[in-house]
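Inspection log for the structure reproduced underneath, given as structure tokens.
The values are calculated or read from the model by the stated rules, or taken from the named source; none is laboratory data. As the structure is a computational prediction, the values presented were derived from the model and not from experiment. Glycine gets a Cβ as well: all are built from the backbone with ideal geometry, and neighbour counts include every protein chain shown. For the accessible areas, the whole protein counts, side chains as well, though only heavy atoms, and no ligand, DNA or RNA atoms are used. Shrake-Rupley method; radii C 1.70, N 1.55, O 1.52, S 1.80 Å.
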Amino acid sequence: MRVVVQRCKYASCTVNDKITGKIDKGFLLFVGFETNDGKKEIDLLVKKTIGLRIFEDENGKMNKSLKDVDGKILAISQFTLYASCKHGNRPSFTDAMSFEKANEYYNEYCNQLRANNIDVEMGVFGADMKIELLNDGPVTIILDSKEL
């Protein structure tokens, strides 16, 4: 499982000219699942996402978590996080989880974040989404369950 975390001042997701999710200060998350991911990976990355301290404290150090700053999350499903360009220039997505299972896991990940008292907005799984954000920093962190 991979989660790309972007600290943002605001973010929104639009599908067919309708805003499906919108937040102010917080995290824009791009979330992808690999074929062998399971509940263990979701649990691990929920914990890491919530505990990630990338907001500045009074001394200008990245020392505060999402909860510390009353931040929100906009979570976007992103199977292309598992693109492979090892052979040629056209990406292969054979390592990405199947559509149905990834949708289930994406919803589970977001529900677990909500169960930890985080406000979570979502994109539309599998849709053509237009994402807008004001990246704060910029700060972008990649969480990969295989590396934690």
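Quick notes on this one:
- Only helices enter the 222 nm calculation for the chain: every DSSP H run of n ≥ 4 contributes -39,500 (n - 2.57), and dividing by all residues gives -6500 deg cm²/dmol, rounded to 500.
- Accessible solvent surface per residue of the chain, calculated while the other protein chains remain in place, 1.4 angstrom probe, Å²: 57
- Cross-linked pairs LYS61/LYS86; LYS9/LYS47; LYS9/LYS101; LYS61/LYS130: Cα-Cα separations exceed 30 Å for LYS61/LYS86; LYS9/LYS101; LYS61/LYS130.
- Converting phi to 3J(HN,Hα) with the Karplus coefficients 6.51, -1.76 and 1.60 and the offset θ = phi - 60°, the stretch 51-56 yields x, 4, 9, 10, 9, 6 Hz in sequence order, with x at every glycine or proline.
- For peptides 92-99, 23-30, sequence by mean Cβ density within 10 Å, most packed first: 23-30, 92-99
- Within-11-Å neighbourhood charge of LYS130 [Cβ basis; K, R +1; D, E -1]: -2
- Over the chain, Cα pairs under 8 Å with separation of 6+ residues give a relative contact order of 38 percent.
- Centroid-to-centroid separation of the stretch 1-47 and the stretch 78-99 [C-alpha atoms, Å]: 18
- Using a probe radius of 1.4 angstrom, the carbon and sulfur fraction of the accessible surface of the chain is 46%.
- Net charge of Cβ neighbours under 11 Å - reference ASN16; Lys, Arg +1; Asp, Glu -1: 0
- Packing, as the average of other Cβ atoms within 10 Å across residues, places the peptides 80-89, 114-123 in the order 114-123, 80-89, highest first.
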